[in-house]
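Below: one structure, written as structure tokens.
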Amino acid sequence: MRGLKYCEKCRVTVIGSHQSCPLCQRELEENETEGRDKETEEDLFPKLEKLYHRNLCFKIITFLSCLLIIISVFLNLLLSGGHGWAYIIIAAACCFWITFYIAFRKRRNVEKAILYMEVLISVLCFLWDYFTGCHGWALDFVIPILGMVTIAALFIISRFLHSEDGDDMIYLILGSLLGIVPLLFYAFHWLHFFYLSLLCAAASIIFLTAVLIFQGDRLKEEIQRRMHF
């Protein structure tokens, strides 16, 4: 196709007589889309994936969740004389489905899904802890552990799966900033066990410093590309 050029960095096709990419100003390459166009022309009707087994599995999980909730409510009424332990089962089922929904919606972007899951699980655990007596386990253990696991997961994905993708830099910065949040819990004296929170905050600050020092130029280039400087 005449008049089409391709930017390998931004992964976009540019129409017209441009010699450089409007987004990153990198020199455009010729004839990079011919192979893609031919493949598209040869396969105009892509094969549709069979979703029967997936839908059946989804229905089975939904049925089992509803069955668990129903049995828990009736057992609660029959055996415990009105104590509300069944609400914990209902809350757990709701947490599972909310988490499953977020993971399914963000499945095509693993790094974004990890950040969404960290925030969602942290909020759900905090609310669960709050409404079951404020024992403090969410702030003391769950949130700092999630912060450290998130940083490690984002680093591994950035290093081995998306080393050429500029988006990973943004997610690394966001993950590091979220890991510093437990330091606020310590500052406001909300913690009973503060070692994990301090460890998470220290690891996040060290990781953020390393990213800014060793990947500062790449981060600056990515910000300029996104802001169209």
From the set of residues in the stretch 1-17 that are more than 32 Å from the chain's Cα centre (by Cα) and loosely packed, with under 13 Cβ neighbours inside 10 Å, which is modelled with the lowest pLDDT?
MET1
If we scan the stretch 40-49, do we find a residue that is more than 30 Å from ARG218 (Cβ to Cβ), loosely packed, with under 14 Cβ neighbours inside 10 Å and at pLDDT 80 or above?
no
Keeping to the stretch 127-143, report how many residues are touching a Leu at 6+ places or on another chain (Cβ under 7 Å) and free of Cβ contacts under 8 Å to residues at least 40 places away in the same chain.
0
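With LEU212, LEU178, LEU208, LEU183 as the choices, which residue is hydrophobic (A, V, I, L, M, F, W, C), farther than 27 Å from GLU8 by Cβ and more than 20 Å from the chain's Cα centre (by Cα)? Show your work before the answer.
Values: LEU212 fails: farther than 27 Å from GLU8 by Cβ; LEU178 fails: more than 20 Å from the chain's Cα centre (by Cα); LEU208 fails: more than 20 Å from the chain's Cα centre (by Cα).
Matching residue, one of LEU212, LEU178, LEU208, LEU183: LEU183.
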Given (1) in a helix (DSSP H, G or I); (2) at pLDDT 85 or above, HIS135 misses just (1)
State the number of residues belonging to the stretch 177-209 that are polar (S, T, N, Q) and either farther than 13 Å from ASP140 by Cα or surrounded by fewer than 20 Cβ atoms within 10 Å (Cβ to Cβ) (or both).
2
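The values are calculated or read from the model by the stated rules, or taken from the named source; none is laboratory data. These figures come from a predicted structure and were not determined experimentally. Quick reminder, even Gly has a Cβ in these numbers, built from the backbone with ideal geometry, and neighbours come from all protein chains shown.
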